[in-house]
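The structure appears right after this line, and notes come after that.
The values are calculated or read from the model by the stated rules, or taken from the named source; none is laboratory data. Nothing here was measured: the structure is a model prediction, and the numbers come from that model. Cβ placement follows ideal geometry from the backbone for every residue including glycine, while neighbour counts extend to all protein chains displayed.
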Amino acid sequence: MRFAHLTRLCLPFAAAFLVTGCLDDGGSSGGDDTNSGRIHYLGVSGLSYQTASQSGTTDGQGRFRYYPGETLSLRVGNLPIIEDVSAQEYVTFLEFLPETREPLQSPGVDDEALRDHRLIEEQQFGNTTLLNMTRFLMALNWSQFVAEDQGIDIRPRVITQLNAALSDPNLPDSIDFTVNQADFTAEDSPVNRLLAAICFYPEDNVLCSEPPTDDEINSAPPRPENDEDIDPEVTYSEDLESLRDRILQAVRQIEDADNERARTYLRRELNAISREVARRYFLADHKANHPASDTTIKTIQIRRIGGAPSLAQLEAISKREQDVVIHSWDWQDADVDYFVAGSAGGESELLINFRPANTYRWVRKQIRVIID
């Protein structure tokens, strides 16, 4: 079925899950027919996951196993994060919450009058619950900050300490991610109290010990002014004071993962997934030359690496309609028809915009058409 470009009509198509390779580890046999999904592009490791048929811990690349049609629940240690989110190839933090997930199905329209999912993704970055949850997971990263080329690394030692803190009757046993940010980031907030109970260093590191008390510092002898009088076997008050400062400075706080870092992280991960999806598709040609006398209808084919394209929606425009005109497009056949309307020397860039059947993300490709 083909539609003239004047209607700019895009029809929905039943979504199909993209079957990806199984995880390389985890004890699976060669006959394992589960799909491999991932939390974000660079991954979030150390999360406990559960589907109707699978359970385990996300690996170093944030991967989990599932069967198409299953939902996914995630915990960090004994702390629930999400429940019953659709399991798929990529699960992002935006899909953790109904209020940030549902808008993704209605893309924005950019300056080219073409649909663009990234506009809607960006709008979700103001959601307080999303930011609180993102900041908490980033704060659990083994190093203080999440590196640009790495995912979130939540190590077993962190999980063990978090579970111990959650079980401590003197500490909070849950985190409310829906509270306003002033309450979420307060010095004595549940998230900061739990983070303070976690040491992000090896167990035998001195920074994981209790800081010296004021009494211990005041009871210790002062450091001699003359270096020759310093006894290496004696711990001086200045040493204890310095150690206390180092231990206190090593305590992780939610402000270490502030809103700007959270937005930068989310944007990075979402853009990486969009690029990965786009890399799977290409146009049969990137440039076309036609004589001005040839006004017959030409066809641009959308192709997919490793298989036939399955599209849900499709649209196209010509940047210079006086030279090249879009005649029609067909999302079922994954192609766009156009014809030359200008004189020799004219040209136009055609923008082919489409949404694959298994995602809300739109992919844009272009072809340059030159009139000889």
Q.
Leu104 - would you say it is aliphatic (A, V, I, L, M), surrounded by fewer than 21 Cβ atoms within 10 Å (Cβ to Cβ), at pLDDT 95 or above and farther than 24 Å from Ile254 by Cβ?
A. yes
Q. Condition test on Pro172, is it over 27 Å from Val91 (Cβ atoms) and either surrounded by 13 or more Cβ atoms within 10 Å (Cβ to Cβ) or without any contact (Cβ under 8 Å) to a residue 12 or more places away in the chain (or both)?
A. no
Q.
Looking only at the stretch 176-197, how many residues end up being hydrophobic (A, V, I, L, M, F, W, C), surrounded by 18 or more Cβ atoms within 10 Å (Cβ to Cβ) and in contact with a Ser or Thr (Cβ under 9 Å, 6 or more places away or on another chain)?
A. 3
Q) Which of (1) free of Cβ contacts under 8 Å to residues at least 60 places away in the same chain; (2) surrounded by 16 or more Cβ atoms within 10 Å (Cβ to Cβ); (3) of a type in the set (Lys, Arg) is the odd one out, the single condition Arg246 does not satisfy? A) (2)
Q: Determine whether Glu276 is under 37 Å from the mean Cα position of the chain (by Cα), over 30 Å from Ala164 (Cβ atoms), touching a residue at least 24 places away in the same chain (Cβ under 8 Å) and part of a helix (DSSP H, G or I).
A: yes
Q: Output yes when any residue across the stretch 129-141 is more than 18 Å from Leu195 (Cβ to Cβ), of a type outside the set (Gly, Ala, Ser), out of contact with any strand residue (DSSP E or B) (no Cβ under 9 Å at 6 or more places or on another chain) and surrounded by 21 or more Cβ atoms within 10 Å (Cβ to Cβ), and no when none is.
A: yes
**Q.** Filter result (surrounded by 12 or more Cβ atoms within 10 Å (Cβ to Cβ), of a type in the set (A, V, I, L, M) and more than 23 Å from Asp111 (Cβ to Cβ)) within the stretch 274-301
**A.** Ala284, Ala288, Ala292
Q) Which residue out of Ala257, Ala250, Ala262, Ala196 is over 22 Å from the mean Cα position of the chain (by Cα), among the small types (Gly, Ala, Ser), under 30 Å from Asp183 (Cα atoms) and at pLDDT 95 or above? A) Ala196
Q: State whether the residues of the stretch 141-154 include one that is in contact (Cβ under 8 Å) with a residue 60 or more places away in the chain and assigned to a helix (DSSP H, G or I).
A: no
Q: Looking only at the stretch 67-84, decide whether some residue is surrounded by 16 or more Cβ atoms within 10 Å (Cβ to Cβ) and aromatic (Phe, Trp, Tyr).
A: no
Q: Kindly provide the set of residues from the stretch 36-54 that are among the aromatic types (Phe, Trp, Tyr) and without any contact (Cβ under 8 Å) to a residue 40 or more places away in the chain, ordered by number.
A: Tyr49
**Q.** All positions within the stretch 280-317 that are farther than 15 Å from Phe354 by Cα and either of a type in the set (Phe, Trp, Tyr) or in a strand (DSSP E or B) (or both)
**A.** Lys287, Ala288, Asn289, His290, Lys298, Thr299, Gly307
Q. Tyr281: under 30 Å from Val146 (Cβ atoms) and touching a Pro at 6+ places or on another chain (Cβ under 7 Å), yes or no?
A. yes
Q. In the stretch 175-201, which residues are within 16 Å of Val158 (Cα to Cα) and touching a residue at least 40 places away in the same chain (Cβ under 8 Å)?
A. Val191, Asn192, Leu195, Ala196, Ile198, Cys199, Phe200, Tyr201
**Q.** Selected residue (criterion: nearest to Val251 (Cα to Cα)) from residues of the stretch 124-152 that are more than 12 Å from the chain's Cα centre (by Cα) and among the hydroxyl-bearing types (Ser, Thr, Tyr)
**A.** Ser143
Q.
On the basis of being in contact with a Lys or Arg (Cβ under 9 Å, 6 or more places away or on another chain), of a type in the set (D, E, K, R) and not in a helix (DSSP H, G or I), does Glu203 make the cut?
A. yes
